[in-house]
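See below for the structure under consideration.
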Amino acid sequence: EVALTWTRPSATSPDITPTWRDFGENGPVQWWISKFLVFRDWLLFVFLVFVGGCGVLIHDGRRYQRIVRKLEVLGGRISRVISSNMETNYQGFEAWAVGKIMAIEKPNREAMYRVLRSLWLTKYEVNFVALNEEVIMVKFGYVEDRNRILNMMPWLFDNCLFAMLPFVKDKELETNEFNFSSFWLRIYNIPLEYMERQIAMDVGKAIGELVAIDWKDRNGGWTEVMRLLKVKINVSNLLRRVVRLVGRNGVEMVCAIKFERLPAFCYYCGIIGHTT
């Protein structure tokens with residue numbers, strides 16, 4: 001048996017690194033050729049790494065350009081949208097309103113949206129967004145449209161009151177007082193000597209919050225009734241059917257109230273929102 005052993009070279013061991021003399025007669029030339037081949041391989045490796053990285057960047061850049069082109073085809077540039085918005089004077093949340101159907105049995109919402117759009121005849125399209133089971137966001141495109149529609153309240157659909165209020169930024173929905181709504185009404189049985197503006201204002205304030213008075217007929221005088229007081233009332237309370245007017249001589253007169261465009265209400269309890 002022959003034991004194979006390995007001895008660590010000492011400091012005095014001969015150097016085994018090849019030199020140009022180890023390549024024979026043409027040693028210097030072949031030595032430089034070997035060095036060049038090593039350098040060539042290293043340079044080729046660096047080049048391939050660089051080209052690969054550039055390819056990834058080019059591929060990502062082309063992919064980004066394709067995405068941008070698709071977005072431009074589908075929706076146009078963002079700057080164009082803003083410019084179009086400014087040119088058409090389309091207004092934001094300042095033109096919005098919030099509404100609520102004041103009824104226990106809710107009507108068909110989509111049908112209500114279609115009917116209201118056809119009645120309002122707004123300058124810009126109106127969009128309805130249901131925020132929850134009761135509250136609806138009404139997005140007008142123009143402040144004047146919203147103000148006109150609010151001034152023309154009450155709005156009814158299927159004999160149900162759709163109460164609306166101006167949208168207020170950062171205001172909680174629960175704090176909106178939808179139960180207060182304005183109605184036009186007539187007062188009957190008022191003597192002719194009491195057919196004056198101040199009496200109309202006093203009667204309106206006795207019923208609720210006076211909003212407006214249409215106190216003359218087409219000929220400029222009073223008719224047999226005190227016509228059209230617009231009063232804001234709490235629809236969750238009992239509807240008032242009469243008002244008691246005390247004359248200058250102290251005599252009390254019972255005057256009947258007739259609401260115009262009154263929604264469904266219960267004749268038993270006198271509250272709007274249900275019929276039985």
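The values are calculated or read from the model by the stated rules, or taken from the named source; none is laboratory data. The model shown is predicted, which means the values in this text are computed figures rather than measured ones. Heads up, the Cβs are rebuilt from the backbone with ideal geometry, glycines too, and the neighbour counts pull from every protein chain shown.
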Discussion item. Can you confirm whether residue 195 is farther than 29 Å from residue 111 by Cβ, of a type outside the set (Lys, Arg) and either under 20 Å from the mean Cα position of the chain (by Cα) or crowded, with 17+ Cβ neighbours inside 10 Å (or both)?
Written reply: yes
Worksheet entry | Per-region count, segment 113-143, residues under 17 Å from residue 172 (Cα atoms) and not small (Gly, Ala, Ser) | 9
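Results for (1) over 30 Å from residue 252 (Cβ atoms); (2) in contact (Cβ under 8 Å) with a residue 12 or more places away in the chain, shown as yes or no for each residue.
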residue	(1), (2)
123	yes, yes
130	yes, yes
134	yes, yes
139	yes, yes
147	yes, no
156	yes, yes
169	yes, yes
183	no, yes
190	no, yes
Worksheet item: Right, residue 146: outside any loop (DSSP other than H, G, I, E, B) and exposed (fewer than 15 other Cβ atoms within 10 Å of the Cβ) or not?
Response: no
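Applying the selection to segment 235-260, what residues are among the basic types (Lys, Arg) and either surrounded by 12 or more Cβ atoms within 10 Å (Cβ to Cβ) or touching a Ser or Thr at 6+ places or on another chain (Cβ under 9 Å) (or both)?
Of the residues in segment 235-260, the ones among the basic types (Lys, Arg) are 240-241, 244, 248, 258.
The answer is 240, 258.
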Item to complete: Return a yes/no flag: does segment 185-196 have any residue that is touching a Leu at 6+ places or on another chain (Cβ under 8 Å), modelled with pLDDT of 90 or more and either hydrophobic (A, V, I, L, M, F, W, C) or not in a loop (DSSP other than H, G, I, E, B) (or both).
Response: no
Practice prompt. Could you please let me know if residue 168 is at pLDDT 85 or above and in the same structural domain as residue 98 (by TED's automatic domain parsing)?
Written response: yes
Item to complete: Please work out if residue 178 is modelled with pLDDT of 85 or more, touching a Lys or Arg at 6+ places or on another chain (Cβ under 9 Å), in a loop (DSSP other than H, G, I, E, B) and buried (at least 19 other Cβ atoms within 10 Å of the Cβ).
Response: yes
